[in-house]
Structures are given as structure tokens and as C-alpha cells.
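Q: Attaching a single structure in C-alpha cells format; questions to follow.
The values are calculated or read from the model by the stated rules, or taken from the named source; none is laboratory data. In this text the structure is predicted, and so the values were computed from the model without any measurement. Here Cβ is always computed from backbone atoms with ideal geometry, including for glycine, and neighbour counts include all displayed protein chains. Accessible surface is based on the protein model in full, side chains and every heavy atom, while ligands, DNA and RNA are left aside. Shrake-Rupley method; radii C 1.70, N 1.55, O 1.52, S 1.80 Å.
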Amino acid sequence: MAFERARFVADPVAVRAALQRFEQGAVLASLGADHRDCLLLVLAEVLNNVAEHAYSGGSGPVTVSLRLCSGSAFARVVDRGVCAPPLGSGAGCDPLALPEGGFGTGLIRTLASGIVQHRRIGCNVLQFRVAADNSGRDA
Amino acid sequence: MQLSVMRETGVTVVRTEESRLDAAGVLAFKDRLREAVQTAQGRVVLDLGSVNFLDSSGLGAVVAARKFLADGVALELAGLTPAVERVFRLTRMDSVFTIHPRVEDALAG
């Protein structure tokens, strides 16, 4: 079972660097190209949300844990920012969401499953999984 | 964020030189793209062949780029890598743009 964890400041440059480190890490190395791309995209959207919203324009830490188990990649993202807005229950992306933004939540909901958000000891905790074998959804 | 611009009669080809179009680079991309296309006439073809990672902020910048164009100028896309094509498809933005497999196809069309 591959596992890795990273802790960094939630800003766009650090998010990019963290994603590039994950690309070289044990969990993503175990995945095929399509599943790897999907996991990186969901992580990017989740971490961009933290960078944009959690610290209200400031910056703070975020911790990402990745675990590969039973044909899925499980992710856990924890930040100490303000209470995160729910990712909502809409079905996929709204094609009429033409103004900039608004695409990220749809991508998360389309590519990730088992999404759980909760607040714990002053932290936002977001958990999700992305299919990591060929039995998964869109890849 | 580097863009190269090639102008021919009736078409402007703008090619990205970066491998990532993400939140960290999106402001520079929008600035460069605006400079590249605001005086374009006819068609603008954005060649994304170098990009192997595009997130929603990058997608938003491409979608918003249409606002930089003069009336009657169309923004078309070419050279989408599999990861980039997926983002356009899942957000249904593939129905908003004319998408060519390669720049050569765009010029031939």
C-alpha cells in the first residue's frame, strides 16, 4: 500500500510545486496516465480552493495525505482556514457556467467520489477517492 | 509564461510554450494572450500542444479570452493533449470552441 503526505503553504505557487512532487511520488507512480491525470486535477482544484478561500487572502498550511488501496487513490486534505463552503450536491458541471471560475467544483464532483467534508478541531477536513484501476469511472 | 504569435492572412496562431496552465501562471497567461489577440482579425487559433496540465483557472482564462477579441473574430483551439482535452470535455467547453487536432488542421480548414 503506497502512502505519502505533504505539508505546505496554501498558495498557487506552492500548490504547483506540491503537485509536481506528487507526480514523482510513490502513489502516482503506481497509476496509469489517465488515473494519474485525474487525481492531479482533483487535487489541484481542491488545493486551489483552499488557497483561494480558506485563509481569506492570507496564507496558511495545508496537509495532503494520499493512500493507494483496493483500486482507488484516497486523499485527505486538511487546512486551518475558515469553515469551508460545501462542495454542493449538483450533478457534474454546468455548461452554462461560462464566466471564469465555477468549473473547479464540477470537476471535483465529476472525477472524485466518496467526498466527505467536516470540521474538526478548528480544521477543514476533506476526504475523497479517485478510481485508480480500469474499473473506475471516466478516466 | 511564454506565447509565440504567428500572423498570416486571416488567421493568428498563438502557441503556448509552457507545460502547465494553472492557477500559478494564469494571470501572466491572460496578460500575454490579451496582448497577442486584441488586434487580431479573422480567426485566432490557440495552440495548446505544449500544455499537459490545465486546471479550472487555466480553462477559465481560455474561455475568458474570447472577450479580448474584436467583434467577428473567432477563437479556435488546436493540439489538445489528453489531459487538456479531458478538462474541456468534462466541463462541456468542447462544445463552445471549434477544436482542431493539430494547428495544421486548423490552417487547412
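Q: Given the structure, is B:PHE53 of a type in the set (Phe, Trp, Tyr), touching a residue at least 12 places away in the same chain (Cβ under 8 Å) and under 16 Å from B:LEU75 (Cα atoms)? Full working, then the answer.
A: Working: of a type in the set (Phe, Trp, Tyr): yes; touching a residue at least 12 places away in the same chain (Cβ under 8 Å): yes; under 16 Å from B:LEU75 (Cα atoms): no.
No; evaluated as a whole, the condition is false for this residue.
Q: Could I ask something else about it? Identify all residues within region B:61-84 that are buried (at least 17 other Cβ atoms within 10 Å of the Cβ), over 10 Å from the mean Cα position of the chain (by Cα) and within 14 Å of chain A (Cβ to nearest Cβ); write none if there are none.
A: Start the filter on region B:61-84 by keeping residues that are buried (at least 17 other Cβ atoms within 10 Å of the Cβ), which leaves B:61-65, B:68-69, B:73, B:75-80, B:83-84.
Still in the running and over 10 Å from the mean Cα position of the chain (by Cα): B:64, B:68-69, B:73, B:83-84.
Within region B:61-84, B:ALA64, B:PHE68, B:ALA83, B:VAL84 meet the criteria.
Q: Of these, B:VAL87, B:VAL51, which one is at the interface with another protein chain (Cβ under 10 Å from one of its Cβ atoms), in contact with a helix residue (DSSP H, G or I) (Cβ under 7 Å, 6 or more places away or on another chain) and open to solvent by less than 10 Å² (accessible area, probe 1.4 Å)?
A: On the way: B:VAL51 fails: at the interface with another protein chain (Cβ under 10 Å from one of its Cβ atoms).
Just a single option satisfies the conditions, and that option is B:VAL87.
Q: Can you tell me which residue within region A:1-20, out of those that are charged (D, E, K, R) and exposed (fewer than 14 other Cβ atoms within 10 Å of the Cβ), is nearest to B:LEU21 (Cα to Cα)? Give the derivation first.
A: Quick first cut of region A:1-20, residues charged (D, E, K, R) only: A:4-5, A:7, A:11, A:16.
Filter again for exposed (fewer than 14 other Cβ atoms within 10 Å of the Cβ), leaving A:5, A:7.
Working: A:ARG5: 25, A:ARG7: 23 Å.
The selected residue is A:ARG7.
Q: Read through the list (1) open to solvent by less than 20 Å² (accessible area, probe 1.4 Å); (2) farther than 24 Å from B:VAL84 by Cα, then give the number of the only condition that A:ALA44 fails.
A: Tallying (1) open to solvent by less than 20 Å² (accessible area, probe 1.4 Å); (2) farther than 24 Å from B:VAL84 by Cα, A:ALA44 fails exactly one: (2).
Q: Check B:ARG20, B:ARG86 and return the single one that is modelled with pLDDT of 95 or more, of a type in the set (Lys, Arg) and in contact with an Asp or Glu (Cβ under 8 Å, 6 or more places away or on another chain). Full working, then the answer.
A: Details: B:ARG20 fails: in contact with an Asp or Glu (Cβ under 8 Å, 6 or more places away or on another chain).
From the options B:ARG20, B:ARG86, the qualifying one is B:ARG86.
Q: Can I ask one more? Mind checking which residues of region A:108-122 are under 15 Å from B:ARG86 (Cβ atoms) and of a type in the set (A, V, I, L, M)?
A: The answer is A:ILE108, A:LEU111, A:ALA112.
Q: Any residue at all in region A:3-10 that's touching a residue at least 24 places away in the same chain (Cβ under 8 Å), touching a strand residue (DSSP E or B) at 6+ places or on another chain (Cβ under 6 Å), aromatic (Phe, Trp, Tyr) and more than 14 Å from every other protein chain (Cβ to nearest Cβ)?
A: For region A:3-10, residues touching a residue at least 24 places away in the same chain (Cβ under 8 Å), touching a strand residue (DSSP E or B) at 6+ places or on another chain (Cβ under 6 Å), aromatic (Phe, Trp, Tyr) and more than 14 Å from every other protein chain (Cβ to nearest Cβ): present.
Q: (1) within 11 Å of another protein chain (Cβ to nearest Cβ); (2) under 16 Å from the mean Cα position of the chain (by Cα): which one isn't true of A:ALA33, the others all being true?
A: Going through (1) within 11 Å of another protein chain (Cβ to nearest Cβ); (2) under 16 Å from the mean Cα position of the chain (by Cα) one by one, A:ALA33 breaks only (2).
Q: Given the criteria crowded, with 17+ Cβ neighbours inside 10 Å, within 13 Å of another protein chain (Cβ to nearest Cβ), outside any helix (DSSP H, G or I) and touching a Ser or Thr at 6+ places or on another chain (Cβ under 6 Å), does B:VAL44 qualify? Break it down into steps so the answer makes sense when it comes.
A: Numbers: crowded, with 17+ Cβ neighbours inside 10 Å: yes; within 13 Å of another protein chain (Cβ to nearest Cβ): no; outside any helix (DSSP H, G or I): yes; touching a Ser or Thr at 6+ places or on another chain (Cβ under 6 Å): yes.
Considered against the rule, which asks whether it is crowded, with 17+ Cβ neighbours inside 10 Å, within 13 Å of another protein chain (Cβ to nearest Cβ), outside any helix (DSSP H, G or I) and touching a Ser or Thr at 6+ places or on another chain (Cβ under 6 Å), B:VAL44 comes out as no.
Q: A further question follows. Restricting region A:21-41 to residues that are open to solvent by 30 Å² or more (accessible area, probe 1.4 Å) and in a loop (DSSP other than H, G, I, E, B), which is farthest from A:GLU4 (Cα to Cα)?
A: Among residues in region A:21-41 that are open to solvent by 30 Å² or more (accessible area, probe 1.4 Å) and in a loop (DSSP other than H, G, I, E, B), the one farthest from A:GLU4 (Cα to Cα) is A:GLY32.
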